[in-house]
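Undergrad: I'd like to ask some things about the structure below.
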Amino acid sequence: MTAAGSTPTAPAAPAGADLDDVRERLWLAVRDGDEYRASDTVLGAVDAGLPVVTALLDVIGAVQARVGVEWAANRLTVAQEHAATAIHERVIAALGHHPRHRGPEPVGGRITVVCVDGEWHALPARLLAEVLRHHGHGVDFLGAHVPVPHLVGHLHRTGSRAVALSATFSLHLPTAHTAITACQAVGVPVLAGGAAFGPDGRYARTLGADAWAPDARAAVDVLDRGLALPDPLRTEARAVSCLAHLADQEYTMVVATRRQLVKETLARLEERYPPMRSYTDQQRERTAEDIGHIVDHLAVALYVNDPEFLPRFLRWTAGVLDARSVPARSLDPALELLGRQLQDFPRASRTLRQARAALDHLLPAPHPPGSGRIA
């Protein structure tokens with residue numbers, strides 16, 4: 001089926017076709033919502049000699065990354081982003097049955113590729129699973145949002161030799177820690193990957209993962225070499241050392257009082273910003289959601305004990321808000337009010353001060369009234 005307004009099925013890429021050209025044609029197809037044109041573009045390029053791994057990572061993976069950038073810049077809607085992801089899933093499935101995709105027969109134990117509980121962005125993990133299969137690994141791809149007990153049950157049933165754990169959103173780091181610890185407790189080493197673990201893998205190390213890889217190719221190299229079985233005593237000692245800061249209970253307190261923190265901040269914002277009194281229910285709900293996101297990221301910042309965690313989230317958020325004509329400076333009152341409520345908690349207070357300072361450097365000008373969202 002061809003989307004309205006799109007061009008007919010694109011011809012297959014000729015041998016030696018420029019990689020940028022293949023990416024651009026795939027981008028145009030997914031932007032138009034044209035699944036058949038997208039599939040023909042990728043399969044045609046592979047028929048013409050494009051390596052399967054290149055098609056997976058440097059075409060599909062690269063275009064999916066562009067989809068995320070375009071959404072953040074407000075040039076794609078959420079619906080378009082989801083449609084593009086669904087098309088890529090279908091193209092990957094079609095590519096999985098291509099004769100050139102089949103790798104050597106698997107030897108040794110299987111590898112479980114899985115997303116952290118709560119993580120719905122499964123495409124990076126799916127790409128890794130396909131690359132591993134192409135390289136001759138036996139793979140169990142469990143997909144998105146897998147609760148830890150179900151993951152552990154799967155490991156018991158299948159005897160996997162390693163887990164490749166994927167997380168895109170950093171809010172899932174505490175849950176990732178639970179998954180890492182549970183896998184290691186049953187004797188299965190964990191390779192962590194995905195944007196949530198930081199560009200240099202710092203959070204994978206903090207949470208005690210056995211290895212980290214910045215991308216699928218590096219993950220294949222790590223798994224080709226093999227991961228040592230976890231030593232329970234060493235794993236426990238490392239966890240205690242890396243997360244000793246949790247003894248102050250600040251993370252636990254912020255999580256336990258999240259609802260109260262959001263409610264109190266929203267109420268005080270109304271006092272400080274009178275136009276909020278005329279907000280619609282939808283505007284008020286979105287403002288409460290934004291405050292909740294700040295509280296959630298503050299909690300994870302306390303969990304991993306990284307003072308740059310919250311400022312980094314706010315810098316990203318500022319770009320998203322600016323693209324939607326909502327001044328990033330409007331985040332500051334919420335940060336200030338949260339700081340007042342948490343003034344007796346040293347790490348939380350310090351983190352919020354640093355976040356406000358980062359915001360000051362980003363957009364020093366005050367926001368105009370009536371912008372529709374406070375945070």
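The values are calculated or read from the model by the stated rules, or taken from the named source; none is laboratory data. Not measured: the values here are computed from a predicted model. Positions of Cβ are generated from backbone atoms using ideal geometry, with glycine treated the same way; all protein chains shown enter the neighbour counts. Quick note on the areas: whole protein, heavy atoms, side chains included, nothing else; ligands and nucleic acids left out. Shrake-Rupley method; radii C 1.70, N 1.55, O 1.52, S 1.80 Å.
Undergrad: How big is the Cα convex hull of the range 120-273 in projection, averaged over all directions, in nm²?
TA: Here the figure is 11.0 nm², rounded to one decimal.
Undergrad: So what is log10(I(q)/I(0)) for the range 76-163 at q = 0.13 1/Å, when the Debye sum runs over its Cα atoms only?
TA: -0.49
Undergrad: I'd like the distance separating the alpha-carbon centroids of the range 95-164 and the range 246-306, in whole Å.
TA: 37
Undergrad: Please give the solvent-accessible surface of VAL146 in Å², to the nearest 10, using a probe radius of 1.4 Å with every protein chain present.
TA: That residue has around 20 Å² of solvent-accessible surface.
Undergrad: Another question about this same structure. Using 5 Å bins from zero, what percent of all Cα-Cα pairs in the range 217-287 falls into each bin?
TA: 3, 12, 11, 10, 9, 9, 8, 9, 9, 8, 7, 4, 0
Undergrad: Then there's this: Quick one: pull the percent of accessible area on the chain belonging to carbon and sulfur, 1.4 Å probe, ligands and nucleic acids left out.
TA: 56
Undergrad: Checking a compactness column here: for the range 300-346, what do you get for Rg(Cα) / (2.2 N^0.38 Å), N being the number of residues?
TA: 1.29
Undergrad: Quantify how much of the Cα-Cα distance distribution of the chain extends past 29 Å, in percent.
TA: Counting pairs separated by more than 29 Å, the tail of P(r) holds 50 percent.
Undergrad: Multiplying the sequence separation of ASP248 and GLU285 by 0.36 nm and subtracting their Cα-Cα distance, what value in nm do you get?
TA: Length gained between ASP248 and GLU285: 10.1 nm.
Undergrad: First select every other residue whose beta carbon is under 10 angstrom from the beta carbon of LEU57; then total the charges, Lys and Arg +1, Asp and Glu -1.
TA: Charge balance near LEU57 sits at -2.
Undergrad: To continue, here is another question. Less than 12 Å Cβ to Cβ from ARG217, Lys/Arg counted +1 and Asp/Glu -1: what total charge do the surrounding residues give?
TA: Once positives and negatives cancel, what remains is -4.
Undergrad: How long are the three semi-axes of the equivalent ellipsoid for the range 244-358, computed from the Cα gyration tensor as the root of 5 times each eigenvalue, in whole Å, largest first?
TA: Equivalent ellipsoid semi-axes, largest first: 24, 16, 11 Å.
Undergrad: Test of understanding: what is the full-extension gain from GLN343 to ALA65, defined as 0.36 nm times their sequence separation minus their Cα-Cα distance?
TA: Once the chain is fully extended between GLN343 and ALA65, it gains 96.2 nm.
Undergrad: ALA86 label point, 7 Å along Cα→Cβ, cut-off 11 Å on backbone N: hits in the range 133-147?
TA: Within reach of a label on ALA86: no residues.
Undergrad: Rounded to the nearest 500 deg cm²/dmol, what is the calculated helix-only ellipticity per residue at 222 nm for the chain, with -39500 (n - 2.57) per DSSP H run of length n ≥ 4?
TA: -17500 deg cm²/dmol
Undergrad: Need one number: % antiparallel among DSSP beta bridges in the chain, to the nearest 5.
TA: Roughly 0 percent of the DSSP beta bridges within the chain come out antiparallel.
Undergrad: Scan around ASP140 for amide H atoms under 5 Å from its own, H built in the peptide plane at 1.01 Å from N, and keep only partners 5 or more places away or cross-chain.
TA: ILE111, THR112, VAL113
Undergrad: What is the packing order of peptides 77-87, 218-228, 96-106, taking the mean over residues of other C-beta atoms within 10 Å and listing the highest first?
TA: Descending packing order for the listed peptides: 77-87, 218-228, 96-106.
Undergrad: If you don't mind, another one. Tell me the per residue accessible area of the chain using a 1.4 Å probe; a whole number in Å² is fine.
TA: 47
Undergrad: Take each of the peptides 170-178, 305-313, 148-156, average the number of other beta-carbon atoms within 10 Å over its residues, and list them starting from the highest.
TA: Highest mean packing first, the order is 170-178, 305-313, 148-156.
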